[in-house]
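Please find one structure pasted underneath; my questions will follow.
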């Protein structure tokens, strides 16, 4: 079963993923600059950004872009894995990172060819 993944460019207005959060009840979005992965936008990151805005007493503008929010995300909250990665390897990845105090929000599943391009890993899934 395949599901549509809503991806955004880091220059998109924040209103775009907010609309998807409201309408589709989704909470995690891969963000790109062109074809380069920039990070995973989550409700937690948006909330942290909003709290920061409140602390600085700034008024919210509808023209804020996603790249304004990404710095409030944990940089390592997601990982790419190849589509043929065994479920056991994916579970082990979650366990390994949790054991050292890092939490993954999502595994982004992609084709083996795309995985190699994104990660530069030509041998195995790898955890780094």
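Could you tell me whether residue 5 is loosely packed, with under 15 Cβ neighbours inside 10 Å and closer than 21 Å to residue 107 by Cα? Full working, then the answer.
On the way: loosely packed, with under 15 Cβ neighbours inside 10 Å: yes; closer than 21 Å to residue 107 by Cα: yes.
Yes.
Scan the stretch 1-33 for residues that are part of a loop (DSSP other than H, G, I, E, B) and touching a residue at least 12 places away in the same chain (Cβ under 8 Å) and jot them down. Let's see the steps before the verdict.
Here is the first cut: in the stretch 1-33, the ones part of a loop (DSSP other than H, G, I, E, B) are 1-7, 10-12, 14, 25-27.
Correct list: 5, 6, 7, 10, 11, 12, 14, 26, 27.
To continue, here is another question. Please pick out the residue among 45, 39, 34 that is in contact with a strand residue (DSSP E or B) (Cβ under 9 Å, 6 or more places away or on another chain) and more than 30 Å from residue 92 (Cβ to Cβ). Explain how you work it out, then say what you get.
Working: 45 fails: more than 30 Å from residue 92 (Cβ to Cβ); 39 fails: more than 30 Å from residue 92 (Cβ to Cβ).
The match here is 34.
Only one of 93, 97, 41, 50 is within 11 Å of the chain's Cα centre (by Cα) and modelled with pLDDT of 85 or more; which? It would help to see each step written out before you state the result.
On the way: 93 fails: within 11 Å of the chain's Cα centre (by Cα); 97 fails: within 11 Å of the chain's Cα centre (by Cα); 50 fails: within 11 Å of the chain's Cα centre (by Cα).
Matching residue, one of 93, 97, 41, 50: 41.
Please work out if residue 18 is touching a helix residue (DSSP H, G or I) at 6+ places or on another chain (Cβ under 6 Å), surrounded by fewer than 18 Cβ atoms within 10 Å (Cβ to Cβ) and at pLDDT 90 or above. Don't jump to the end; show me each part of the working.
Working: touching a helix residue (DSSP H, G or I) at 6+ places or on another chain (Cβ under 6 Å): no; surrounded by fewer than 18 Cβ atoms within 10 Å (Cβ to Cβ): yes; at pLDDT 90 or above: yes.
Spelling it out, it is not the case that residue 18 is touching a helix residue (DSSP H, G or I) at 6+ places or on another chain (Cβ under 6 Å), surrounded by fewer than 18 Cβ atoms within 10 Å (Cβ to Cβ) and at pLDDT 90 or above.
Give the stretch 72-95 a look and list any residue that's surrounded by 12 or more Cβ atoms within 10 Å (Cβ to Cβ) and farther than 21 Å from residue 30 by Cα, or say none.
Of the stretch 72-95, the ones surrounded by 12 or more Cβ atoms within 10 Å (Cβ to Cβ) are 72-74, 76-82, 85, 89-90, 92-94.
Across the stretch 72-95, the qualifying residues are 89, 92.
Here is a follow-up. Among residues belonging to the stretch 100-113 that are in contact (Cβ under 8 Å) with a residue 12 or more places away in the chain and farther than 16 Å from residue 40 by Cβ, point out the one that is farthest from the chain's Cα centre (by Cα).
The first filter runs over the stretch 100-113 and keeps only residues in contact (Cβ under 8 Å) with a residue 12 or more places away in the chain, leaving 102-112.
Going one step further and asking which of them are farther than 16 Å from residue 40 by Cβ, we end up with 111-112.
Values: 111: 17, 112: 19 Å.
This residue is 112.
The values are calculated or read from the model by the stated rules, or taken from the named source; none is laboratory data. Predicted model, so just to flag it, every value in this text is computed and none were measured. Here Cβ is always computed from backbone atoms with ideal geometry, including for glycine, and neighbour counts include all displayed protein chains.
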